[in-house]
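Below is one structure; the comments refer to it alone.
What follows draws every value from the coordinates through simple rules; no lab data is involved. Given the structure is predicted, the values throughout are model-derived calculations rather than measurements. Here Cβ is always computed from backbone atoms with ideal geometry, including for glycine, and neighbour counts include all displayed protein chains.
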């Protein structure tokens with residue numbers, strides 16, 4: 001009986017390992033071209049030493065000028081209008097912040113001479129397979145995969161209001177002040193209240209600004225937050241991106 005149980009457990013372990021290897025092989029061989037394609041378009045965006053950073057990617061404005069797109073909250077890191085960009089194989093380079101959205105979580109940064117823009121998808125639908133590429137903290141360039149699951153509005157914490165200055169800084173069309181109950185009593189907080197698409201893509205700090213693309217490498221949105229419990233990513237949809245860059 002012991003030998004039977006030992007053999008059975010060994011079989012289960014071997015089967016599980018084989019399944020994991022097969023899954024990894026299918027994923028990486030099936031998407032290796034997309035992985036390489038995105039690698040030249042995706043950047044770290046943050047401080048010069050990159051101790052504080054998000055992600056970003058190349059995009060082409062309506063004028064034909066190439067920029068780097070990231071989140072507005074990533075551009076909070078900028079100092080004197082300059083934020084640093086680091087790509088695959090080169091050191092951080094200072095670039096100017098060009099524009100910051102007042103209605104959603106988007107920021108446009110000066111492009112690099114060799115910026116490769118990601119094309120915007122003509123359409124998409126829920127349950128489409130979707131990929132993100134970025135630089136989560138303590139990791140190198142990392143792909144993640146999931147699906148689009150729903151559209152609506154997202155309310156995400158921006159900052160706690162502990163002073164008049166905090167309250168004064170919560171004054172854009174995309175922000176709301178609400179009161180929430182805590183174990184210490186009610187507190188006021190500033191939240192982002194913006195259009196969003198929810199996904200099943202694992203998202204971590206540092207992924208803010210990562211492009212969300214379809215299987216053809218076409219942009220469907222940009223990661224700006226993750227669910228605290230599931231870590232599933234929330235994206236600004238491509239319609240809001242198109243609206244933001246139409247004057248550039």
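Worth a mention:
- Residues 239, 36, arranged from fewest to most other Cβ atoms within 10 angstrom of their Cβ, appear as 36, 239.
- Look at the alpha carbon pairs under 8 Å that are at least 6 residues apart: their mean separation over the length of the chain gives a relative contact order of 19 percent.
- Full extension of the chain between residue 230 and residue 103 yields a length gain of 43.1 nm, computed as 0.36 nm times the residue separation minus the alpha carbon distance.
- Compared with the dominant Cα axis of the chain, that is its longest principal axis, helix 2-30 is turned about 40°.
- Length-normalised contact order for segment 129-245 - Cα pairs under 8 Å, 6+ apart - percent: 28 percent
- Relative packing of 160-166, 62-68, which averages over residues the other C-beta atoms within 10 Å, highest first: 62-68, 160-166
- Taking other C-beta atoms within 10 Å as the exposure proxy, 184, 153 rank 184, 153 from fewest upward.
- Of 87, 111, 185, the one that fluctuates the most in a GNM where the chain has Cα springs shorter than 10 Å: 185
- Sorted by Cβ density within 10 Å, fewest first, the residues 210, 122: 122, 210
- The label-point distance for residue 193 and residue 77, in a model that sets each label 7 Å from Cα toward Cβ, rounds to 2.9 nm.
- Among 225, 212, 78, the residue with the largest mean-square fluctuation in a Gaussian network model of the chain, with springs joining Cα atoms closer than 10 Å, is 78.
- Modelled FRET efficiency - R0 25 Å, residue 151 with residue 172, Cβ distances, 0.05 increments: 0.70
- Its relative contact order, with pairs defined as Cα atoms under 8 Å and 6+ residues apart, puts segment 42-110 at 32 percent.
- Computed over segment 81-218, the convex hull of the alpha-carbon atoms projects to a mean area of 10.9 nm².
- Label reach from residue 47 (point 7 Å along Cα→C-beta): in segment 74-96, amide nitrogens under 18 Å belong to 74-86, 92-95.
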